[in-house]
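The values are calculated or read from the model by the stated rules, or taken from the named source; none is laboratory data. Quick caveat: nothing in here was measured; it's all calculated off a predicted structure. Note that each Cβ is placed from the backbone with ideal geometry, even for glycine, and that neighbours are counted across all protein chains shown. Only protein heavy atoms, including side chains, enter the accessible area calculation; ligands, DNA and RNA are left aside. Shrake-Rupley method; radii C 1.70, N 1.55, O 1.52, S 1.80 Å.
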Amino acid sequence: MVVRGVPERLAKDAWWLDDARPRRLHLGWLLLAAVICADQLVWGVAGGSGFVVWVLVVGAATHISLWRTVSGVTAMAAWSVLCLALVPAVELVQALSVGFAVLGLLAFAALMALPRGDADAVIRAMVRLPGIGLVQSFVDAKAMRVAAPSKSGLLRVLTDWLVPLVVGAIFIGLMALANPLVDAWLLRLSTFESGFSWDVGRVLFWASAAFAIWPLLRLTAMATALGKAPRVVKLWRSGLVNARSVLRALVMFNVIFAVQSVLDAGYLWGGVALPDAMTYAEYAHRGAYPLLVTALLAGVFALVSQPYLEGQGVLRGLLYLWVAQTVLLVLSSILRLDLYVDAYGLTRLRFAALVWMVVVALGLVLMIMQMVGRQSIGWFMSRAAGLGLVALYTVSLVNVDGFVARHNLTVGKVDAYYLCSLSEGAAPELRRNFVCNRSVSTPQDWREWGFRNARLRRSLAEMNEVRDEWPDLSY
């Protein structure tokens, strides 16, 4: 078979040119099976266990494509990581849990492609996989321009029907948009008792799913590029940032932060009376978020200034002092937010801000550990990223709306309009306290089942058993 326009080294690696006939065919069948599962498990289905099962199907297809090259220990580690990443999706399918599922798939693929790689190599492979996978997909698509029709079964069907079907479907879709009669005919012809319906969005979903899955089936071809050692990059230094400017900046920043810390110590910790016409809630609200941004900027500058600390004891001492003051600043921000929540109640945004304030404080403590231990900036960045992922993972397992409703109703901060606008996670608390009759969705089938939704429905059912009659909770 002659391949046009493809370098010889890539042509030899083309998936349908493999010498082994089963290998040549099974990737196409795996892709087809994964796309069919995506259609049946995800398309038109509210988020639930169907998405989790589909991710496991994609993982299984990836494993099958590497069946003879992956050891049992590597496979067990990869599957453990993927299952751990899917726990938030089992709890509730939302943007955060979907993100962890994607990260889990990337980690699964990286571990499979680099069975002997260390942690840094696996992380590099995860970062590189989307880009290299995109290139590999275009290379494979380009290599499909064959000079003569293939005699193999699946490939022959693909080459004979792919272009007519795709282009024909586009023409039919455009005609359906332009002519309501054609649209009605297509609807009658394509709607079956099984509930299957043909539409342009569904076809685009198939294409997107196939485009996302294909690189995972081609890990063998991408293993070398994924595991390639990183190039050594020299840090760019500007004349504006040098040992002298860092010294002056640290002296100035320490003075500024000291003034702020003294004020907070008096007003927030020492109980000093505020000026007239200013409440503690106002003082807390105006400072909580800006101080968090200030702490983040301080952390960035601390990282930038570290290359100039070698042999500079004074600079290192000033930086230690400044980072310690920044930690104190974040603690003051947490206290400010706590005072504001006491005055006006808890919201989802304030809950998220509190979580990130704690993460920033821990990150700054981690930075002090890095500087004291003379570790590299990469050491700090990897652990700070891990800290952020742990925080996000934990939050994805928490019913935030239920916690917000429970907190506000416990302390007596009842804003009925806001509480009733929360998601179904707050439904049991709202009903228990007769705030409003917030309903919980019922899964249509097993694909929409979620662990959190099941717990919420069970809580409401238990309340209905205890109380035979509910008061009028309409609003």
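Of note:
- Put a dot 7 Å past the Cα of Leu96, heading toward its Cβ, do the same for Ala210, and the two dots end up 3.6 nm apart.
- Theoretical FRET efficiency, 1/(1+(r/R0)^6), r = Cβ-Cβ of Ala385 and Glu465, R0 45 Å, to 0.05: 0.45
- The length gained on full extension between Lys413 and Leu321, counted as 0.36 nm times the residue separation minus their Cα-Cα distance, comes to 29.2 nm.
- Region 54-122 and region 326-398: distance between their alpha carbon centers, rounded to Å: 28
- Per-peptide average of other Cβ atoms within 10 Å, ordering 118-126, 353-361, 258-266, 105-113 highest first: 105-113, 353-361, 118-126, 258-266
- Evaluating 6.51 cos²θ - 1.76 cosθ + 1.60 at θ = phi - 60° for every residue in region 361-366, the Karplus couplings come out as 4, 5, x, 5, 4, 4 Hz, glycine and proline recorded as x.
- Cα gyration tensor shape of region 353-453, rounded if a/c is under 1.5, else prolate or oblate by comparing a/b with b/c: oblate
- Rounded accessible area of Lys142 (nearest 10 Å², 1.4 Å probe): 100
- If you plug the beta carbon distance of Met369 and Asp120 into 1/(1 + (r/R0)^6) with R0 = 22 Å, you get a FRET efficiency near 0.65.
- Accessible area of Ile64 (1.4 Å probe, protein heavy atoms only, ligands and nucleic acids ignored): about 80 Å².
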